[in-house]
Amino acid sequence: MASFRVGDAYAAVVRLRSRGVAFLDESTVPFELNDDGVSVDGSGTKVAWLQGPDGNVLRVLSLPRRP
């Protein structure tokens, strides 16, 4: 699985969706997703999954900001 680290996973999802990219939903990933299709873990890491044109699963993720 290829991962793309971005500054803000929510902004990346919005930008990619506006360009026609479809993200995977809870029926295709084993994680709980919020209404934006993003999974947020206890550390604050945010992840969204999509499928590339060759069928591979890709993800965009953002790490929590450190104080």
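The values are calculated or read from the model by the stated rules, or taken from the named source; none is laboratory data. Quantities reported herein were computed from a predicted structural model and do not represent experimental measurements. Because the Cβ atoms are built from the backbone with ideal geometry, glycine has one as well, and the counts that use them run over all protein chains shown.
Odds and ends about this structure:
- Test: PHE31 is modelled with pLDDT under 95 and among the aromatic types (Phe, Trp, Tyr): yes
- Residue count, the range 34-51 (criterion: in contact (Cβ under 8 Å) with a residue 12 or more places away in the chain and of a type outside the set (Lys, Arg)): 11
- Set ALA11, ALA22: member being of a type in the set (A, V, I, L, M) and in contact with a Leu (Cβ under 9 Å, 6 or more places away or on another chain): ALA22
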